[in-house]
Amino acid sequence: MSEGVLIAVPGGVETLLRLMQEKAQSGAQDPYVQQLVDIAAPNGDVPTLYDWLKAHYGYAPDPSGTFNLDGRETYYEELLITPSRIAEDYVTKGVTYSGDCDDLATLSAAMLTILGYTSRIAVVSFSQSGELEHAYAEYLSPEGWIPFDLASTKPLGWQFPNTRAVYLNI
């Protein structure tokens, strides 16, 4: 059984970033995530993977409030659905999820790593405040870092202009 779970992140962007990085790294080693890559991109092609994921997983913001975690109510600022959980549920039950940008970025980075690419998660700010507002995966190609943003309505490779980013290497 996969180690994947739905994680209620009780607070702090640093905690979320650490968990995203850890779960993308462990997801890249998970047999269910490997099986999902084989289903989504049997030819190992990044555009095929992108199109398949866009067709099967949608964007939805996290609900807000409290979460019942192991029988106790926990306030959270963020929920993270791990790549392992997403993949196991699809491979064993055919279940797909809608997730927010951190869920989709973490899954994408793990899958790109399995395809053999160096990947990272870009967590970006759109404003002068520097507040981190969006996350997406990137992979290293001979042309440089290519955005892989499943939460965007834009095509593969499109990048938000004028952003500042923190990068999580996978």
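Throughout, read-outs are computed from the coordinates displayed, never taken from laboratory work. Computed from a predicted structure; not experimentally measured. All Cβ positions, even for glycine, are placed from backbone atoms using ideal geometry, and neighbour counts span all protein chains on display.
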- Query: Gain in length, ILE39 to THR153, computed as 0.36 nm per residue apart minus the alpha-carbon separation, to one decimal in nm?
  - Reply: 38.8 nm
- Cross-link partners among lysines for LYS154, C-alpha distance below 24 Å, same-chain residues fewer than 8 apart left out? LYS54
- Row for segment 12-60, column shape: gyration tensor on C-alpha, a ≥ b ≥ c, rounded if a/c < 1.5 i.e. under 1.5, prolate if a/b over b/c, else oblate; value oblate
- Task: Using DSSP to define loop residues, name the GluC sites (Glu not before Pro) in segment 114-170 whose beta-carbon has at most 13 other beta-carbon atoms within 10 Å.
- Result: GLU131, GLU143
- When the scattering of segment 112-170 is computed by the Debye formula from its Cα atoms alone, each counted once and equally, what is log10 I(q)/I(0) at q = 0.28 Å⁻¹? -1.24
